[in-house]
1. For H37 and A150 in one chain, what is 0.36 nm times their gap in residues minus the Cα-Cα distance, to one decimal in nm?
2. Using a 1.4 angstrom probe on the protein heavy atoms only, could you order E118, E28 from most to least accessible area?
3. Tilt of helix 12-21 relative to the longest C-alpha principal axis of the chain, in degrees (0 to 90, nearest 10)?
4. Note the full-extension length gain between V410 and R324 as 0.36 nm times their separation in residues minus their Cα-Cα distance, in nm to one decimal.
5. Of all chymotrypsin sites (Phe, Trp or Tyr not before Pro) in the stretch 280-361, which ones are in loop regions per DSSP and have a Cβ with at most 16 other Cβ atoms within 10 Å?
6. Leaving out ligands, DNA and RNA, and with a 1.4 Å probe, what % of the accessible surface on the chain is carbon or sulfur?
7. State the antiparallel share, in %, of DSSP beta bridges confined to the chain, rounding to the nearest 5.
8. Fully extended, how many nm does the chain gain between A70 and T257 (0.36 nm per residue separation, minus their Cα-Cα distance)?
Amino acid sequence: MRVAVAVVGGGPSGLTAAAALAPMVDGEVLVLEREAHTGGIPRHSDHLGYGMRDLKRFVSGPTYARRLTATARDAGVRLETEAMVTGWGGERTLEVTSPRGRRIVEADAVVLATGARERPRPARMIPGDRPDGIYTTGQLQNLVHVQHAAVGSRAVVVGAELVSWSAVLTLRESGCATVAMVSAHPHSESYAAFRIPGRALLRGPVLTRSRVVSIDGKRRVRSVTVENVDTGARSTVDCDTVVTTGDWIPDHELARTAGLAMDSATRGPVVDASLRTSTPGVFAVGNLVHPVDTADAAALDGRHVAPRVRDWLAGRRAERTGIRIRSRAPLRWVTPQLVTPGGGVAPRGDLLFWVDEYHRTPRLRAVQGGRTIGATRTPWPAAPGRIYRAPWSLVSDADPSGGDVTIELVL
């Protein structure tokens, strides 16, 4: 099978990219989604908070997923579900396995939109027993919103990111009280607009500067042991459910097996402002390159990449080598990671960062070859647990022959 564009992943960024591309290109646009339905994570998030940036609407997750799916279908996109891309047969040749059999899909361009996932309990190396009742947010939402199954009655939520409050809402809908939220940071990491009303849903404290050091229980979770990271003091919280939230990692297996240049900090592919990867004609969008941003922000990546894919198909091939952008602690990572000739400006004109410390009005400096090439102060804070945005103009004056650019916080 041959198509003009193959989009791997039917979440917000993949569906938006496909819907934007279909009217632009001469040939078929195919979305390959491994789940039974398109829409991605929002399908399981049955609460409001989606669509503000891209749709200019304030809708629930399932409604948002249905709208993006309908938009792509109406644009002429071919949506194929239960289709797993299991490997590569060439630079833009995909090996696809589905209930309909195995086949090869050749594409003139490939957009990787495989998203990100939360680290489960084993990846966080939380010791203790191995009882039932331990979930990630995704597993919890699937259990409650899709399977309509019951969970426990008393839950501890590990993490205090935006997705953590989504887990609290889901637990409440299932009839399970959140008796504690545990965060290693000094403050809850989510935006105040979500954190403040969210506190009213809790039936216990937010334990900051703390971590879960043991989960106890034989058949079912019975309690967790929480340790204060500053004092070492420990306490026991009785519960029958534990939800590990956040701590995201890209679904990067397909990108790695393609041999794409990977960023050791984001663990996703290295991209430039046009979201081009190191392989010609292969692009990466959404939370595969910045784990993790909101669904509507990821969708805007899909909108941004569409004209760049069109240019590739039309034979307008910009230079792919460029200046590497790096970040210095407490900035954990930055994306895009390349300034390339003809690469343009990053999606929404932003550099995206992940930070490990809270700074209320951060000042940033970009340095190349010992010379400051850009500086800015943002009126919004840099906070752990959520994307921090700064203007692309920080690096727009980089010298193409001047070596790496390092971005640092001026303390």
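1. On the way: separation 113, 0.36 × 113 = 40.68 nm, distance 2.28 nm.
So the chain would gain 38.4 nm between H37 and A150.
2. On the way: E118 20, E28 70 Å².
Descending order: E28, E118.
3. It works out to around 20 degrees.
4. Working: separation 86, 0.36 × 86 = 30.96 nm, distance 2.03 nm.
That works out to 28.9 nm of additional length.
5. Working: sites: F283, W312, W333, F353, W354, Y358; in loops: Y358.
Within the stretch 280-361, the qualifying chymotrypsin sites (Phe, Trp or Tyr not before Pro) (loop, at most 16 other Cβ atoms within 10 Å) are Y358.
6. The value for the chain is 49 percent carbon and sulfur by accessible area.
7. Details: 51 of 87 bridges.
Rounded to the nearest five, the antiparallel share is 60 percent.
8. Values: separation 187, 0.36 × 187 = 67.32 nm, distance 3.16 nm.
Length difference between fully extended and current span is 64.2 nm.
The values are calculated or read from the model by the stated rules, or taken from the named source; none is laboratory data. Computed from a prediction, not measured in an experiment: that's the story for all the values here. Cβ atoms come from the backbone with ideal geometry, glycine included; neighbour counts cover every protein chain shown. Please note that ligands, DNA and RNA were not included when accessible areas were found on the heavy atoms of the full protein model with its side chains. Shrake-Rupley method; radii C 1.70, N 1.55, O 1.52, S 1.80 Å.
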